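Everything below concerns the one structure shown next.
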Amino acid sequence: MSGTVFDIVLCALILGAALAAVSGRDPFAAVVFFVVYGVFIATAWLRLDAVNVALAEAAIGAGLTGVLLLGAVGRLARLRETAPPARAAGPRLLAALAAGGTTLLLGWVFLTLPEPAGLHAEVGANLAAAGSENAVTAVLLNFRAWDTLLESIVLLAALIGIWALSPDAAWGGRPGMTQRTRAGGVLAQFGRVLPPIGLMVGVYLVWAGTKQPGGAFQGGTVLAAVALLAMMAGRIAPPRVSAPGLRLALILGPAVFLAVGLAALAAGRFLWLPPEHAYALILGIEAALTVSIAATLALMVIGPPQEAP
Amino acid sequence: MLELATDALTVALTAAGLVFFLAGTVGLIRFPDTFSRLHALTKADNLGLGFIVLGLALQAESWHAVFKLGLIWALALVAAGTAAQLVARTALRADEGGRPTRQAEGRE
């Protein structure tokens, strides 16, 4: 009973936060409500026992996307100082119609489709050969490895897109703006205290991902946050975008994933994992993916190089 | 009997935590300037969460879980304190004249 009340209140809060995020005029407030919406959605996934998705939503949906959007709001504000915003009603109306139409269509599809049996039984039957006791990890890295491989490449493509925005003179330099902190100040201390704990949590999430909820995306996001904090606190300088080590870290995950897939092609099927080596292969792919995801996400937040190297 | 006592203590402690969250929220909305709003906010983060963690720790099944709850509170404490300091410094600079720039936000 109390569970039902909780769920109804949670649904109302999700709808309220979503409405506040899209209907406000102030972009900053919209982003804040978007982050709140992400936290509520993560709670909803927890209620549905989808801990993996909840972790990913909290870390990437609410946390990382929120930071990226806040950066965009700051950039927009600086642009507005030079150019007045165009306030045309037509495009807004079209966008609202398109979004509303898509929602109605999705709702109609959801209500008319037959109740799916789900893939629980099939995944459970094949779990022994998958190399992971966690069904979600088994699906992500074995049964549906294609999707995960392409996701990791999409991330890389997004970073290349962001880097393409850098001014010509700044290319090859350190990404982002120069960060200055007061030596011995609060932020500098915070950047000293938190990284060891964050490193441990991030690596644990990847390691535990083979048996429990967790994995490369969740762990990688935590590690990216640690790297960002250390950079903002002035503990480490962002690496130059032309540094070979950085480039290697960025492509390591997709490259290892592709290599494993191609090796399997020699044995007959692309991305097929032999059951006797599946655990080691999954752990290896997850470890390499974590390095690339952490590096890519951190660099996406910092943005393109701004100053000449 | 012991179980009843722990349950009652849990209810009392989490209720105390909720009072701090409610007071902090009211303060955040009603207080006139950034500094007093921060004051209200940090009470919710520190004391509110602290009481709730204490109440939940009484229901924990293992010392392992108690340690995790304590770690959550400690991390929230450090993060909230740091964020409050940074916001206050930026607000102070804005009050002294001069719009806070993006670079000033990164600094302290």
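All of the numbers you see were taken from the coordinates with simple rules; none came from a lab. Nothing here was measured: the structure is a model prediction, and the numbers come from that model. With ideal geometry, Cβ positions are generated from the backbone for all residues, glycine too; neighbour counts draw on all protein chains shown.
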Query - Rounded if a/c under 1.5, otherwise prolate or oblate - region A:100-185, Cα gyration tensor axes - result: prolate
Requested in this report: Go from 0 up to the bin containing the longest alpha carbon distance in chain A, width 20 Å each, and give me the % of pairs per bin.
Outcome: 26, 56, 18, 0
Report task. Anything in chain B that counts as a DSSP H helix reaching 24 Å or more along its axis (C-alpha) with Kyte-Doolittle mean of at least -0.5? List them, would you? Result -> B:2-30, B:63-95
Query - Net dipole in debye of region A:1-81 [+1 Lys, Arg Cβ; -1 Asp, Glu Cβ; about Cα centre; nearest 20] - result: 320
Requested in this report: Using only C-alpha atoms and all pairs of different ones, pull out the Kirkwood radius for chain B in Å with one decimal.
Outcome: 15.6
Report summary line: Once normalised by the length of region A:133-309, the mean sequence separation of its alpha carbon contacts under 8 Å that are 6 or more apart gives a contact order in percent of 38
Report summary line: Expected integer from the mean partner chain Cβ neighbour count at 10 Å over A:185-197 is 4
**Report entry** Percentage relative contact order, chain A, counting C-alpha pairs under 8 Å, at least six apart
**Finding:** 22
Query - Size of charge dipole - the protein assembly as shown - debye, nearest 20, with Cβ of Lys, Arg +1 and Asp, Glu -1, no other charges - result: 1520
Report task. Take each of the peptides A:207-214, A:93-100, average the number of other beta-carbon atoms within 10 Å over its residues, and list them starting from the highest. Result -> A:207-214, A:93-100
Query - region A:1-81: mean projected area of Cα convex hull, nm² - result: 5.3
Report task. Could you list the residues of region A:141-167 with an amide nitrogen less than 17 Å from a label point located 7 Å from the Cα of residue A:272 in the Cα-to-C-beta direction? Result -> A:142-146
Report summary line: Under 5 Å from the placed amide H of residue A:176, counting only residues 5+ away or on other chains, we find A:306
Query raised in the report: Between residue A:247 and residue A:180, what FRET efficiency comes out of the Förster formula 1/(1 + (r/R0)^6) with R0 = 25 Å and r the beta carbon distance, rounded to 0.05?
Result: 0.35
Query - Spin-label model distance (nm) - residue A:110 vs residue A:13, 7 Å beyond Cα toward Cβ - result: 1.9
